[in-house]
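Worksheet: the structure to be examined is printed underneath.
Values quoted throughout were computed directly from the atomic coordinates according to the rules given, and no laboratory measurement underlies them. Remember, it's a predicted structure, so these values are computed and weren't measured experimentally. Quick reminder, even Gly has a Cβ in these numbers, built from the backbone with ideal geometry, and neighbours come from all protein chains shown.
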Amino acid sequence: MKYETVIGLEVHVEMATESKIFCSCSAKFGGEQNDHVCPACCGMPGMLPIVNKHVVDLGMTAGMMLNCDINRTTTFDKKSYYYPDLPNAYQTTQWFAPVCVNGTVDIKTSKGEKKVRIKQIHMEEDAGKLVHDDWTDSTLVDFNRTSVPLIEIVSQPDLSSAEEVIAYLERLRSLLRFAKVSDCRWEQGSMRCDVNLSVRPEGSDVLGVRTEMKNMNSLSAIERAIEYETARHIDAIENGTEVLVQETRRWDDIKGKSYAMRTKETAGDYRYFPDPNVMPVVIDDEWYNRIKETLPDLPEVKAQKFIELGLTEYDADQLIQSRALCDVFEAAYKTSGLAKESANWIITDCMTILNKKQMTADMLSISGKALGELIKLVAEEKVNRGNAKRILAVMFDEDINPQEYAEKNGLIVSNDTGKLEEVVKAVCAADPKSVEDYKNGKEKVFMALFGQCMKQLQGNCNPQALKEALLKELQ
Ligand SMILES: [Zn+2]
């Protein structure tokens, strides 16, 4: 018999906010253990949560990017469970009126295009982290991550293969990074995924027994886990190797196997109820429209616009890998009017510097306007390319005006013919042998003399003008 796999995903994404969801502690990754904590996020009695408005902004932004309806009155609820890294013994999340519902994400795979339906997106707080200390053989808790804002994006069970799941996750990541909702870094845990999977005979409309693999944090692990789990389910159904039960499983990527963790809780076990400490959030038209207006173009729409400006498909594709590259490109183009040059400087020169600094494209934070001015200086032959590269490197560390910097540091190409002649005369006077060789028909020495002049002028001259001055002198 042929089987089909039915997969639904719950994707957790940490939002790119400065502070936590219900207090003003820093939400940044890293720091000393328990550095980013206060009585509110440690669940001390008497402390009341206040919703971070920016979290709601980003929740709505995510929903609009995924074609969701926005609940104009959205509320928070308590999800009760006990775990040492959860100081309140409940998580504040959204159950009854999540911020976004009913969306879609378009994906492309080798089998064609597909729409994956989004059931809902809800906002919630993250839990802390348990750290095992081998030295004292004890487990300690770090509350830095407690109350860091998350959104959970719940899909309908519309996915049917590892390939589709990867395409969906990559699309989600691209959209959320483009809208600056999250940096979506698998390796830092700012994007994590629970995979719900079942198997049924092809064509059947009855769902099989569902298992859930929690906290998956790499695409390759997700791919392997789906393949393993699908084979395990089919084996159980066909050969009766085991009895499938609804449960939560842990994926061991080193052993390449999944293990039962606990039988799956149902919603009832969590005793969801409205959190009386958090006021409902009402999203009025003004707020809704403000977010709607700040939505970026979809990456492929942006790429099309770039191609219309004269970029190749390849260049456009490189730029849309990161919103930061697009932003710098757009500003550089606006200032210089030179699309192809702007793209080249970003894709080649800026990326080289970023790589040297071990930074990613997202970290490109130079002023696009200043880059545009630099490109103009090169196009007008006021600064040569070598010096322009040096100026670009400075722009990564300081806010500078390229023209002022070039003037101050003697990097402007000189149109002073007097100075040119002076240098040519001096170089020829210092090397009479080469001059003699040239006169005797050894034309090769011309380039050597030219190079010496260029060096003395620090490259700040028009090569054609220098060539003419040198020829004149030699004749
Ligand atoms: Zn706090």
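Evaluate E = 1/(1 + (r/R0)^6) for TYR81 and ASN355, where r is the Cβ-Cβ distance and R0 equals 45 Å; express this FRET efficiency to the nearest 0.05.
Details: r = 44 Å, r/R0 = 0.98.
Calculated transfer efficiency: 0.55.
Give me P(r) over the chain, computed from all C-alpha to C-alpha distances, binned every 20 Å, as integer percentages.
Histogram of Cα-Cα distances, whole percents per bin: 19, 41, 24, 13, 4.
Using the Karplus curve 6.51 cos²θ - 1.76 cosθ + 1.60 with θ = phi - 60°, what ³J(HN,Hα) values do you get for each residue of region 337-353, in whole Hz, with x for Gly and Pro?
Couplings: x, 10, 5, 4, 4, 4, 5, 4, 4, 6, 5, 9, 6, 5, 5, 4, 5 Hz.
With +1 on each Lys and Arg Cβ and -1 on each Asp and Glu Cβ, how big is the dipole of the chain about its Cα centre, in debye rounded to the nearest 20?
Numbers: 58 positive and 74 negative charges, 149 e Å.
Dipole magnitude for the chain comes out near 720 debye.
Computed over the Cα atoms of region 3-282, what is the convex hull's projected area averaged over all directions, in nm²? It would help to have the intermediate numbers written out before the result.
Numbers: hull surface 63.3 nm².
Across all orientations, region 3-282 yields a mean hull projection of 15.8 nm².
Residue by residue through region 375-385, which ³J(HN,Hα) values in whole Hz follow from phi under the Karplus form 6.51 cos²θ - 1.76 cosθ + 1.60 (θ = phi - 60°), with glycine and proline marked x?
My calculation for region 375-385 gives 4, 5, 4, 5, 4, 7, 6, 8, 10, 7, 4 Hz in order.
LYS442: which lysines have alpha carbons under 28 Å from its alpha carbon, excluding same-chain residues fewer than 8 sequence positions away?
Within the straight-line limit of under 28 Å, LYS442 reaches these lysines: LYS419, LYS425, LYS433, LYS455, LYS467, LYS472.
Going by how many other beta carbons lie within 10 Å of each one, how would you line up PHE329, PHE306, PHE143, PHE178, fewest first?
PHE178, PHE143, PHE306, PHE329
For THR146, what charge total do you get from the other residues with a beta carbon under 13 Å from its beta carbon, if Lys and Arg give +1 and Asp and Glu give -1? Each step should come with its number before you reach the end.
Numbers: positive: LYS20, LYS129, ARG145; negative: GLU14, ASP35, ASP85, GLU124, GLU125, ASP126, ASP142.
Taking every Cβ under 13 Å from that of THR146, the sum is -4.
Could you calculate the contour length gain from GLU170 to ARG185, that is, 0.36 nm times the residue separation minus the distance between their Cα atoms, to one decimal place in nm?
So the extension gain works out to 4.2 nm.
With a Förster radius of 25 Å, plug the Cβ-Cβ distance of ASP431 and VAL394 into 1/(1 + (r/R0)^6) and report the FRET value to the nearest 0.05.
Once the sixth-power term is evaluated, E becomes 0.15.
Stick to the Cα atoms of region 27-179, pair each with every other, and give me the Kirkwood hydrodynamic radius in Å at one decimal. Intermediate results must be reported in sequence, preceding the final value.
Numbers: mean 1/r = 0.0574 Å⁻¹.
After inverting the mean inverse Cα-Cα distance, the result is 17.4 Å.
Return one number: the angle in degrees, 0 to 90 and rounded to the nearest 10, between the long axis of the Cα atoms of helix 162-178 and the longest principal axis of the Cα atoms of the chain.
Taking the Cα atoms of the chain, the angle to 162-178 is about 60 degrees.
Towards the positive end of the charge dipole of the chain, with charges on Cβ (+1 Lys, Arg; -1 Asp, Glu), say which of THR75, GLY451, ALA62 has the farthest Cα.
Going by the Cα projections, it comes out as GLY451.
Taking LYS129 as the anchor, which lysines have their alpha carbon closer than 26 Å to its alpha carbon, excluding any fewer than eight residues away along the same chain?
LYS20, LYS28, LYS53, LYS78, LYS79, LYS180, LYS214, LYS255, LYS257, LYS264
Using Cβ counts within 10 Å as a stand-in for footprinting exposure, how do ILE320, ILE346 rank, fewest first? Intermediate values should be presented prior to the final figure.
Working: ILE320 22, ILE346 26.
Ascending Cβ contact count within 10 Å gives the list ILE320, ILE346.
Between GLU421 and LYS444, how high is the FRET efficiency from 1/(1 + (r/R0)^6) when r is the Cβ-Cβ distance and R₀ = 25 Å? Nearest 0.05.
Numbers: r = 23 Å, r/R0 = 0.93.
Once the sixth-power term is evaluated, E becomes 0.60.
What longest region of the chain stays clear of GluC sites (Glu not before Pro) that DSSP places outside H, G, I, E and B and that have at most 14 other Cβ atoms within 10 Å? Present the calculation step by step, with values, prior to reporting the outcome.
Numbers: sites that count: GLU18, GLU32, GLU202, GLU242, GLU265, GLU380, GLU381, GLU398, GLU443.
In the chain, the maximal stretch lacking such sites is 33-201.
Could you work out the equivalent-ellipsoid semi-axes for region 297-408, taking the square root of 5 times each eigenvalue of the Cα gyration tensor, largest first, in whole Å?
On the way: eigenvalues 102, 51, 24 Å².
Here the semi-axes work out to 23, 16, 11 Å.
So how much slack lies between SER160 and GLU265, counting 0.36 nm per residue of separation and subtracting their Cα-Cα distance, in nm?
Numbers: separation 105, 0.36 × 105 = 37.80 nm, distance 2.41 nm.
Contour length minus the Cα-Cα distance gives 35.4 nm.
Per residue and in cubic angstrom, what volume does the convex hull of the Cα atoms of region 216-359 have?
263
Label point 7 Å out from ALA379 along Cα-to-Cβ: which residues of region 334-351 have amide N under 11 Å?
In region 334-351, the label zone of ALA379 (backbone N under 11 Å from the point 7 Å along Cα→Cβ) covers 334-343.
Could you tell me the distance between the Cα centroids of region 413-439 and region 140-200, to the nearest Å?
Taking the Cα centre of each part, region 413-439 and region 140-200 sit 66 Å apart.
Summing Lys, Arg as +1 and Asp, Glu as -1, what charge do residues with Cβ under 13 Å from the Cβ of LYS78 carry, LYS78 excluded? Kindly include the intermediate steps, with their values, before the conclusion.
Values: positive: LYS79, ARG271; negative: ASP77, GLU124, GLU125, ASP275.
Every neighbour counted, the sum reads -2.
How are the alpha carbon pair distances in region 346-475 distributed across 5 Å bins from zero to the largest one, expressed in percent?
It works out to 2, 10, 19, 16, 13, 11, 10, 8, 6, 4, 1, 0, in whole percents.
Please determine, in degrees from 0 to 90 and to the nearest 10, the orientation of helix 463-474 with respect to the longest principal axis defined by the Cα atoms of the chain, where the helix direction is its Cα long axis.
The angle comes out at about 20 degrees.
What cysteines in the chain have no other cysteine with a beta carbon less than 4.7 Å from their beta carbon?
Lacking a cysteine Cβ partner under 4.7 Å: CYS23, CYS25, CYS38, CYS41, CYS42, CYS184, CYS193, CYS326, CYS350, CYS428, CYS453, CYS461.
Modelled label-to-label distance, ILE254 and ASP327, 7 Å Cα→beta-carbon offset: nm?
Result: 4.0 nm between the two label points.
In degrees from 0 to 90, rounded to the nearest 10, what is the angle of the helix 53-65 Cα long axis to the longest principal axis of the chain?
Result, in degrees: 90.
Would you be so kind as to identify which of ASN289, ILE375, GLY337 lies farthest towards the positive end of the dipole of region 283-416, taking Lys and Arg as +1 and Asp and Glu as -1 on Cβ and the Cα centre as origin?
The one lying farthest along the dipole's positive direction is ILE375.
For region 345-365 and region 265-333, what is the centre-to-centre distance using only Cα atoms, to the nearest Å?
23
Once you list every other residue whose beta carbon is under 12 Å from the beta carbon of ARG290, what net charge do they have if Lys and Arg are +1 and Asp and Glu are -1?
-3
Work out, step by step, the length gained on full extension between GLU286 and HIS54: first 0.36 nm times the residue separation, then minus their alpha carbon distance; give nm to one decimal. Don't skip to the answer; put the middle values down first.
Values: separation 232, 0.36 × 232 = 83.52 nm, distance 1.50 nm.
Roughly 82.0 nm would be gained on extension.
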